Every structure is written in structure tokens, then in C-alpha cells.
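S.K.: Quick one: this structure, given as C-alpha cells, is what I'll be asking you about.
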Amino acid sequence: MQFLHTLNGLLEHVKNVERETIGLTQEAQLRFVRFLDKNGLSVDDETLEAMQYQDIIAQQLSATIEAIESAQEHMQYFMHAFSEDDAIAAQSIEKMHGKLTNALEKAKQKHSAFSGKVNREDDDDGIEFF
């Protein structure tokens, strides 16, 4: 059981780092926009696309935070069940496996959706957002 508590602590740390990174990314983008506004500058399409990458980074990190929270929730059920009854723990492991597999698939789908067209070099239209 100690392993799961340690894993949960590690996941909490990762979430905190990701939240801090989201905040830094957003602050960097705001400072850049303020600089442009203050100096009456405009950006070209390439620079605008680079700025949009900041938003993609924040979205990707938010999606991984959601996946981590889902995994943690299911781990909590397991840890509680394990402390009560071995048979329930075995069932919980199976359920947790299924739910974590679903969480992984959702995270992969969000990654794909949030990536826009960033990784497709053959596309000249830039980034698409929904």
C-alpha cells in the first residue's frame, strides 16, 4: 500500500509542476502581448503561430492534469478497498485497470485534438483551434 501512497505523492507533484508551468506560460504570453501593445508593434503570421503554441502547451498540461486526477481517484478507491478486503481489492484492481485505460485513451485523444496542426509540417494553413 505504501507504493500507492508514494505514487499518489509523485502524481501530486507532477500536477503542481504542470499548474505552475501553465501559469508561467500564460504570464509569458501576457507580458509579450503587453510589450507589443506598449510599443505599437504587430506580429506576423509566424510569430502569431508561435504565440498560439503557448495556448496549446497550457491545454496539453490541463489535459494531463485531468488524466492524473482521474487516476488518483481510482487509486483512492483501490487503496480503501485493499485495506478492507482482499477480494474487493482484486475487483478494484480490475476496475481501476479499465478506468485507467480509458483515461489514457481520453488523454491521447485530447493530445491529438489540442495539438491542432502543429506536428503536421505538410499543412500550410497553420494551427486550427476548435
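S.K.: What list of ³J(HN,Hα) values in whole Hz, one per residue of the range 60-68 in order, does the Karplus curve 6.51 cos²θ - 1.76 cosθ + 1.60 (θ = phi - 60°) give from phi, with Gly and Pro shown as x?
M.R.: Values per residue, Gly and Pro as x: 5, 5, 4, 5, 6, 4, 4, 5, 5 Hz.
S.K.: Rank the residues PHE32, PHE3 as a footprinting-exposure proxy: fewest other Cβ atoms within 10 Å of their Cβ go first.
M.R.: PHE3, PHE32
S.K.: Related question: What distance in nm lies between label points placed 7 Å from Cα along the C-beta direction at GLU46 and PHE3?
M.R.: Result for the modelled spin labels: 5.1 nm.
S.K.: Report relative contact order for the range 2-114 in percent, whole number only (criteria: Cα-Cα under 8 Å, sequence separation at least 6).
M.R.: About 31 percent, as a whole number.
S.K.: What's the ranking of 48-56, 16-24 by average number of surrounding C-beta atoms within 10 Å, highest first?
M.R.: Output ranking for 48-56, 16-24: 48-56, 16-24.
S.K.: Based only on other Cβ atoms within 10 Å, what is the fewest-to-most ordering of THR47, THR25, THR6?
M.R.: Placing the least packed residue first, the sequence is THR6, THR47, THR25.
S.K.: Could you check the simple spin-label distance between LEU10 and TYR53, using points 7 Å along Cα→Cβ, in nm with one decimal?
M.R.: According to this spin-label approximation, the distance is 3.0 nm.
Each reported figure results from applying straightforward, stated rules to the coordinates on display, with no laboratory input. Remember, predicted model here, so these are calculated numbers, not experimental data. As a convention, Cβ positions derive from the backbone with ideal geometry for all residues, glycine included, and neighbour counts pool all protein chains shown.
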